[in-house]
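Structure first, commentary second.
What follows is calculated from the coordinates using simple rules that are stated; it is not laboratory data. Note that this is a predicted model, so its numbers are computed, not measured. Because the Cβ atoms are built from the backbone with ideal geometry, glycine has one as well, and the counts that use them run over all protein chains shown.
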Amino acid sequence: MRRALEIATTGPAPLPASSSGGPDPGALGALGALGAPGGPGAGESAGVDVPVGAVVYGPDGTELAVGRNERELTGDPTAHAEVLALRRAAARLGRWRLDDCTLVVTLEPCTMCAGALVLARISTVVFGAWEPKTGAAGSLWDVLRDRRLNHRPEVYSGVLAAENAAVLRAFFR
């Protein structure tokens, strides 16, 4: 959760620089800039987008991908931290099924993000602050535990809730 909170407040770490001063092309691998932690807009959305951070961890606990809200930065209404992290993790693994992966996010997922988590077959979701207005993991709805759906991840809620909520309150002041 601390890593997700770091992403929310500061954005992803920049990529190592090459001798030309730009990102090292070798550090991008096959993903290109989009899937890289320091991809386009890294840190640029700080202060503009709502500070929500998400991290996808693989079955062995390695960090696969990160995401930070980029709706304002990109003009994309689906650029929520969770969706961006899912896209990047799927690209890194080369498959859309993220079985046995864990998503950690600083704010309770909305209905769009909860639906994406179910469809991606994420095994575990860990979130920090509750979102009573749009939350879909127990606050307003409970999409992640809906027995009518074909997949239900394990959910751990309220992890470092006070710290995560403080970041959001400070942003909206």
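Along its three principal directions, the equivalent ellipsoid of region 40-173 from the Cα gyration tensor extends over semi-axes of 21, 18, 13 Å, largest first. The protection proxy used here, the mean number of other Cβ atoms lying within 10 Å of each residue, ranks peptides 55-68, 157-170 as follows, highest first: 55-68, 157-170. For Tyr156, nonlocal amide neighbours, meaning residues 5 or more places apart or on other chains whose placed amide H falls under 5 Å from its own, are Val125, Val126, Phe127. Close amide H partners of Asn69, meaning residues 5 or more places away or on another chain with modelled amide H under 5 Å apart, are Val52, Ala81. For the pair Thr111 and Thr124, label points projected 7 Å from Cα toward Cβ lie 2.9 nm apart.
Between Val48 and Leu93, what's the calculated FRET efficiency when r is the beta-carbon distance and R0 is 30 Å? Round to 0.05. That gives a FRET efficiency of 0.50. For region 126-134, the Karplus equation 6.51 cos²θ - 1.76 cosθ + 1.60, evaluated at θ = phi - 60°, returns couplings of 10, 10, x, 6, 7, 10, x, 8, 9 Hz by residue, with Gly and Pro reported as x. Mean projected area of the convex hull spanned by the Cα atoms of region 83-147, taken over all viewing directions: 4.0 nm².
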